1. Could you list which residues have their amide H under 5 Å from that of A:L102, counting only those 5 or more apart in sequence or on another chain, with H placed in the peptide plane?
2. Between A:R398 and A:A202, what is the spin-label point distance in nm, taking each point 7 Å from the Cα along the Cα→C-beta axis?
3. With Rg and the Kirkwood Rh both taken from Cα atoms, where does Rg over Rh land for segment A:3-273?
4. For segment A:400-489, just say rounded, prolate or oblate: build the C-alpha gyration tensor, square-root its eigenvalues into a ≥ b ≥ c, call rounded for a/c under 1.5, and beyond that prolate if a/b exceeds b/c, oblate if not.
5. Going 7 Å from the Cα of A:Q125 toward and past its Cβ, which residues in segment A:236-280 have a backbone nitrogen under 11 Å from where you end up?
6. Please list log₁₀ I(q)/I(0) at q = 0.14 Å⁻¹ for segment A:288-394, using the Debye equation with identical point scatterers on the alpha-carbon positions.
7. Just list whichever of A:K6/A:K487; A:K5/A:K342; A:K297/A:K377 have alpha carbons separated by over 18 Å in the model shown.
8. Quick one: length gained pulling A:H96 to A:A311 fully straight, 0.36 nm per residue minus the C-alpha distance?
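A short reminder: the numbers here are calculations on the coordinates, not readings from a lab. For clarity, every value in this text was computed on a predicted model and none was experimentally measured. Virtual Cβ from ideal backbone geometry, glycine too; neighbours counted across all protein chains shown.
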Amino acid sequence: MSDDKKLTTRAADFSAWYNELVLRAELADYSPVRGCMVIRPLGYGVWERMQRALDDMFKATGHVNAYFPLFIPESFLSKEAEHVEGFAPECAVVTHGGGKALEERLVVRPTSETIIYSMFAKWVQSYRDLPLLYNQWANVVRWEMRTRLFLRTMEFLWQEGHTAHATHDEAEEEARRMLGVYRTFMEDYIAMPVITGQKTEAEKFAGALRTYACEAMMQDNKALQAGTSHNLGQNFAKAFDLTFQNEAGEQAYAWNTSWGVSTRMVGGMVMTHGDDNGLRLPPRLAPVQVVIVPIWKTDEERDATVARARAIADDLGSFKRLEHERIRMHVDDRVGIKPGAKYYHWELRGIPLRLEIGPRDLASNQCMLVRRDTREKVAVSMDALATELPARLEAMQRDMLAAARARLEANSIRERISYDRFKEVMEGDGAFVYAGWCGDPEVEAQVKAETKATIRVIPDAEFRTPEAPTTCLVTGRPAKYEVVWAKAY
RNA sequence: CGGGGCGUAGCGUAGCCCGGUAUCGCGCCUGCUUUGGGAGCAGGAGGUCGCCGGUUCGAAUCCGGCCGCCCCGACCA
């Protein structure tokens, strides 16, 4: 048992811990191309669970899926001034095809507003054609200077919703609705509590009227922007001539929204729940929820325990069961590996529950059940598994959210502090600091330069401090907003 | 792009200063014994020492150039 089996601890080096964990738990690996990653089956399995849950939520809120191409004519990008300024520097551009220089260069999509709204313009004539509520699951490319597995890669997977509406208020409602969908998903599935709110001008999406975001707190107290939803106003409609005839018979520009979440959420999940023993997967996202480890000494015992393990897995994991009643099971019947080694193997990978079935258990018609989050170990009757396992999985899902929420609050500073104290906090352990802001972008830039902290959001009402701050943290001038400051990924 | 670090077997490394047959651990393969918290013993496979050039009888080691990756910063889902 040498030390190289142990992970670097979070306390020793959070960044190293994260990288090691992602690699060793086999979530992802570095690719031959700098800044790109290979998502391995465990990581992709988590992403698939995320996709399913979100896709259902999108459908339930009236959206349909479609697919738009990877290549976008370069000229499209430049039709919206702020948009091109924001994205052009990080675009990959195709200059040649079939061995010849292209007449017009093609941008590999960094996001699809331009191509989608140019198509919407073809499809919309009347207010009766609205709203258009589209989503696509896709990959996008942004030429990032510095990358990190899942958190920032040059190519990443995401979904991008794009909608068109007849009025500003409808678009605003949509942008808000989808922010709420994201929040629900992050809390109910990733067990990752978030602060929602509006982005400042400096932080908003290039080309948007307003940007809303979900901000989560990682275990190093840094913020992770986990999802964004934009009210695009009529900026893109004007750029792409997305017009319709309204009820009064007049031509009007449509109002758009776009919203997206990405594989970055997998990184968020890791940094929210991982511990020094490895990954901890929220049960709802775990590709395997229960791993059964049969234990034996003799061949006869092996036959018996493996058979029993398979019978349980086949029953509770059967595809004949309705999905919500099905438990995702795996039997680790590898020979030549001792049980202890298997325990470490699955703990590193964050599988929520482990069932140990040995000869003694067969004799007493019970088995040992171990929770990954608490490592609590209890004996459970074999006959009770069909109810015990789902109950424990649900309890884990709840407990993980509660623990993460407690950590978020414990590392938030809501009392009024001086700017000097603020600097100390940001140089030290970090925190989400709720404070007044006079609304001056210069102040925001100054704080960023001095402390690396930024305004994560102007929080929505429910997240605000009961007694609103009256003065600006930095200038002492009257506070225009209460904002959340933090260092971010 | 600036700063730092590193390229030696699948992974992690020693050797480099002071040139002379490639080190160790993990992993892998075979066999036997094991299996309720990272098994033991025995045998075995696996290497263009990142690339190119130079110095030398001889280069992982010295010199020059290049490439790649990771970490820290400026930019970002």
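1. A:H96, A:G97
2. Distance between label points: 4.2 nm.
3. Numbers: Rg = 19.6 Å, Rh = 19.7 Å.
A ratio of 0.99.
4. Here segment A:400-489 falls in the oblate category.
5. A:245, by backbone N distance to the label point.
6. Those come out to -0.50, one per q.
7. Working: A:K6/A:K487 29 Å; A:K5/A:K342 13 Å; A:K297/A:K377 22 Å.
Going by Cα-Cα distance, A:K6/A:K487; A:K297/A:K377 fall outside the 18 Å limit.
8. Between A:H96 and A:A311, full extension yields an extra 71.7 nm.
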